[in-house]
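**Q** Got a structure for you, written out below as structure tokens; questions coming shortly.
Since every read-out is calculated from the coordinates, none of them should be taken as a lab result. Values in this document were obtained by computation on a predicted structure and should not be read as measured data. Neighbour counts are summed over all protein chains in view; Cβ atoms, including those assigned to glycine, are modelled from backbone coordinates with ideal geometry.
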Ligand code: PEP
Ligand code: MG
């Protein structure tokens, strides 16, 4: 059963059009369960109405014609109850409704399964039988499993236009994809699909440009893939017996076979670009093998897929994207990485949409720093149907609008104009210090490092850099950067910002920050070998970095060092020990540098409980709320399935922050917040109320945060903090804080904090 399920899901996901997908569903289910009828009804956009979209067994002419409300018929009953309905004699049931166009009167046994995605009723899957024998539990269990798996594919039904076309032509049905807000703002542009490398299924169809060029690039990719196979064969040497090695020869032959290459070339000539033609051809060949009776031959379908992926990998390397970039790019992909985002010229980048990730993923943080609206965690995205379409990214609500209607477009243009106005209004805070209503100066630093965004930092005249993530220089190389190389990078930053302070964080790899040359394989990377743990296990890497940092600060003395992911006091002792060792070494080498101020990040609950003791060992604490929230609430910061549970204003998070601030202050040490929470206007009020000493925020949010600080006194912020500490619900807490922002005339910022 598992195999059948897997095969149906794969086939459906590979279908380019909704019609095709639904057709596969009804045909395969009817075949496998040996029933008389299988149909799919989908709920229309305007809700509470179901339309028969595909059937195998009923009169096909009834497709798109039969419509019923949730309150009507047995199919409606399934949707209304949101649970399976299994009936032996349908005609006897009080909710039975006869639709003559379906010819369904003859079917007595009825089993309907709701299709639900993220609590939304998408439609109903129905099987029917002539006789009254009814359906058993096996049928129900199979269909529930299948419907649950297919729900996300079907949830984008509207994208094919099929559902839209059911409504009157004049009534443009707006279609959208929902994710979570990753970076605030509005972006209007053209969807550019980022192919997850070598993922054939998500390659879109495109016009081929110069056919000669496409064919040449295909043949080059085939040759490279063949050579790669032969190289692997050679590298296997004697480790594999000769007969096993022969498989590589077989691959090479299959790749270069006339049937495969000619088929692809034919499709290019028929009007598709090489990657699209490859996808189509591989799908056809896979289909042929999968239909074969012989299990050995059937399994060869997997080999064909592997060959396709390998050729695609080389084709993608050949593809030159430069020059094809529209002026306003909305970059869309299943799982966009920081490096991929950095590849698009920032002048062209208007928005980002990623199937995976959440608002505290590094891609979202980078988008925020660049001031580009982003949607994260959109789940399954029908990439094939989006390429080149007009889209609007609403970075406030996390909604992507596809081919928006005139009204929607106008609404967003208005929003864009409002944004511009707000930005102009905010420019009066540029370069000015942030001072509370009761006259207290709060240093507001910026976060940096994910990209070489130094000039932006410089222009915005912040109080300095509160968090420099050193990972990026490590991520963009193909080996660990050496001491000299690192020293140059750090020196440049320190010089540019001096005399203002710069907090350099030691390498925080692991979790979602992987170095291509230092792969870490773990089942739970966020609970694994991360941050300081890796550094303490590799003193040779850690010492190189510490030496580079200390050398870079010689004569400038504006550097602070920050240790990430600290979990225990002994880790701080060990890290400090290594830092002092590096300092003594340099002293021996006549490098004249001072011992810098050192801080510890509070990112895990254990550090919250140790805040006071940790603070006594170092010079300051810095709260990394991105991770702290994830570990407090046990909600993966990158998992879209639980992104609705990631609440920075959760009562337990507020208490943890309070405890950390109080702990640091008992030790008479300053404490700052450098997670994204510090850029969220509503949260800033609470942090002020708690007595936070400084903030480190996204570059793009700097002036907004200064505005909030300038609009509240510590005393007023404390009152609001006391009020929300009595509350249970993070959503209500946010509403209360948003109301306070509105009351102070900061309504324009409420949207920026929608999360
Ligand atoms: C944090 O966890 O809040 C933080 C600032 O670190 P990063 O986002 O780089 O994990
Ligand atoms: Mg962190």
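**Q** Please give the peptides 670-680, 538-548 ranked by average Cβ packing (other Cβ atoms within 10 Å per residue), highest first, as a rough proxy for protection. Write down the numbers at each step before the final one.
**A** Numbers: 670-680: 26.7, 538-548: 19.0.
The packing order, highest mean first, is 670-680, 538-548.
**Q** What is the P(r) of the chain, as percent of Cα-Cα pairs per 10 Å bin from 0?
**A** Computed distribution, short to long bins: 3, 12, 19, 21, 19, 15, 8, 2, 0, 0.
**Q** Let me ask another. On a 0 to 90° scale, report how tilted helix 569-588 is relative to the longest principal axis of the chain, with both axes built from alpha carbons and the result rounded to the nearest 10.
**A** On a 0 to 90 degree scale, this one is about 60.
**Q** Which whole-number percentage describes the relative contact order of the range 564-696, with Cα contacts under 8 Å and a sequence gap of 6 or more?
**A** Once divided by the residue count of the range 564-696, the mean separation gives 23 percent.
**Q** Which percent, to the nearest 5, of DSSP beta bridges fully inside the chain are antiparallel? Intermediate results must be reported in sequence, preceding the final value.
**A** Numbers: 45 of 82 bridges.
In the chain, approximately 55 percent of DSSP beta bridges are antiparallel ones.
**Q** Could you tell me what percent of the DSSP beta bridges with both partners in the range 386-539 are antiparallel, to the nearest 5?
**A** Taking every DSSP beta bridge within the range 386-539, about 50 percent pair in antiparallel fashion.
**Q** When the expected Rg is taken as 2.2 N^0.38 Å, what fraction or multiple of it is the alpha-carbon Rg of the range 425-754?
**A** 0.97
**Q** A follow-up question, please. If you line up the long axis of helix 539-553 against the longest principal axis of the chain, both from Cα atoms, how many degrees apart are they, to the nearest 10?
**A** That helix lies at roughly 50 degrees to the long axis.
**Q** I would also like to ask the following. With the contact rule set at Cα under 8 Å and sequence spacing of 6 or more, what percent relative contact order holds for the chain?
**A** With pairs under 8 Å counted, the relative contact order is 11 percent.
**Q** Let me ask something else about it. Among DSSP beta bridges lying fully in the range 485-635, give the percent that are antiparallel, nearest 5. Show your work: numbers first, answer last.
**A** Working: 1 of 13 bridges.
Percentage antiparallel, nearest 5: 10.
**Q** Right, here's the next one. Given contacts defined as C-alpha pairs under 8 Å and at least six residues apart, what's the relative contact order of the range 425-754, whole-number percent? Before the final figure, lay out each step's value.
**A** On the way: 625 pairs, mean separation 60.2, N = 330.
18 percent.
**Q** Listed highest first by mean packing, meaning other Cβ atoms within 10 Å per residue, what order do 641-648, 124-131, 275-282 come in?
**A** Peptide ranking by packing, descending: 275-282, 124-131, 641-648.
**Q** What's the Kirkwood radius of the range 2-166 in Å, using all Cα pairs?
**A** 15.5
**Q** Peptides 106-117, 732-743: what's the order by average Cβ count within 10 Å, highest mean first?
**A** On the way: 106-117: 21.4, 732-743: 17.9.
With the highest mean Cβ count within 10 Å placed first, the list reads 106-117, 732-743.
**Q** May I ask for the angle, rounded to the nearest 10°, between helix 211-236 and the longest principal axis of the chain, with both axes built from Cα atoms and the value confined to 0 to 90°?
**A** Taking Cα atoms only, the helix is inclined about 70 degrees.
**Q** Could I ask something else about it? Starting from a Cα-only point model with no solvent, please compute log10 I(q)/I(0) by Debye for the range 200-315 at q = 0.17, 0.19, 0.21 1/Å.
**A** With one equal scatterer per Cα and no solvent, log10 I(q)/I(0) is -0.83, -0.98, -1.13.
**Q** If each of residue 517 and residue 556 carries a label point 7 Å out from its Cα toward its Cβ, how far apart are those two points in nm?
**A** My value for the distance between the label points is 2.4 nm.
**Q** Roughly how far apart, in whole Å, are the Cα centres of the range 514-555 and the range 5-38?
**A** Centre-to-centre distance over Cα atoms comes out at 48 Å.
**Q** Roughly how far apart, in whole Å, are the Cα centres of the range 730-744 and the range 670-706?
**A** What the calculation gives is 16 Å, centre to centre.
**Q** Let me ask something else about it. Grab the DSSP H runs of the chain that are 4 residues or longer, score each as -39,500 (n - 2.57), total them, divide by all residues and round the 222 nm result to the nearest 500 deg cm²/dmol.
**A** On the way: 27 runs with 341 residues, N = 755.
It lands at -14000 deg cm²/dmol.
**Q** Right, something else. Where the centre of each part is set by its Cα atoms, how far does the range 380-425 sit from the range 560-629, in angstrom?
**A** 43
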